[in-house]
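Notes to accompany the following structure.
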Amino acid sequence: MARSARCYCGQSRLAFTAEPLQVIYCHCDDCRRWTGAAAAVFAAFSDEDVAGLSDMGPARSFAEGVARWNCDDCGSPLLARFDYVPDQSWVPFGVIEDTTGLAPGFHCFADRRHDWVPADGLPGSNGTGRDALNAARHG
Ligand SMILES: [Zn+2]
Ligand SMILES: [Zn+2]
């Protein structure tokens, strides 16, 4: 099943030609600010499985090694790339149109989790979790 994503206004769209490699929470301050969520959830797709990014404006970057794309019209966050997880594109869960069968399996920056977010027993990392994130590959 091909999944897709769209922004709030509908002007910016992404299409994915394969399933995500992984779905994770990120509790870091930057991802919370960028998404506006108390706990950000992302699906990571292989860069090569993302179509539509070239139609968007330039990435915004306010931290070294991080690039983030938003809709130029409505500002919705749509995709982020992190140099420390090469070849993966991180899409906020809330802009994905059909999330059937997708659920997070890992917590990044677990030590930053709001204490009212219920414990779910998932593995996590007190930090970026880059080793675990980089281990995800298409079988
Ligand atoms: Zn938009
Ligand atoms: Zn983060």
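From the list 100, 35, 17, pick out the single residue that is of a type in the set (Ser, Thr, Tyr), within 16 Å of ligand 1 (Cβ to nearest atom) and modelled with pLDDT of 95 or more. Steps first, please.
Details: 100 fails: within 16 Å of ligand 1 (Cβ to nearest atom); 17 fails: within 16 Å of ligand 1 (Cβ to nearest atom).
So the residue among 100, 35, 17 that is of a type in the set (Ser, Thr, Tyr), within 16 Å of ligand 1 (Cβ to nearest atom) and modelled with pLDDT of 95 or more is 35.
Starting from residues that are more than 14 Å from ligand 1 (Cβ to nearest atom) and of a type in the set (D, E, K, R), keep the ones in region 71-97 and report whichever is nearest to the chain's Cα centre (by Cα).
81
Which condition breaks for residue 68 when tested against (1) within 15 Å of ligand 1 (Cβ to nearest atom); (2) surrounded by 13 or more Cβ atoms within 10 Å (Cβ to Cβ); (3) at pLDDT 95 or above; (4) under 16 Å from residue 6 (Cβ atoms)?
Evaluating residue 68 over (1) within 15 Å of ligand 1 (Cβ to nearest atom); (2) surrounded by 13 or more Cβ atoms within 10 Å (Cβ to Cβ); (3) at pLDDT 95 or above; (4) under 16 Å from residue 6 (Cβ atoms) leaves (4) as the failure.
Can you spot a residue in region 51-70 that is over 20 Å from residue 135 (Cα atoms), assigned to a helix (DSSP H, G or I), within 13 Å of ligand 2 (Cβ to nearest atom) and of a type in the set (S, T, N, Q)?
no
Select from region 1-14 the residues that are surrounded by fewer than 14 Cβ atoms within 10 Å (Cβ to Cβ), farther than 9 Å from residue 76 by Cβ and among the hydrophobic types (A, V, I, L, M, F, W, C) and write down the one among them that is nearest to the chain's Cα centre (by Cα).
Within region 1-14, the match that is nearest to the chain's Cα centre (by Cα) is 2.
Given the criteria closer than 25 Å to residue 122 by Cβ and either of a type in the set (Gly, Ala, Ser) or surrounded by fewer than 18 Cβ atoms within 10 Å (Cβ to Cβ) (or both), does residue 35 qualify?
Taking the combined requirement at face value, the residue does not satisfy it.
The values are calculated or read from the model by the stated rules, or taken from the named source; none is laboratory data. In this text the structure is predicted, and so the values were computed from the model without any measurement. Quick reminder, even Gly has a Cβ in these numbers, built from the backbone with ideal geometry, and neighbours come from all protein chains shown.
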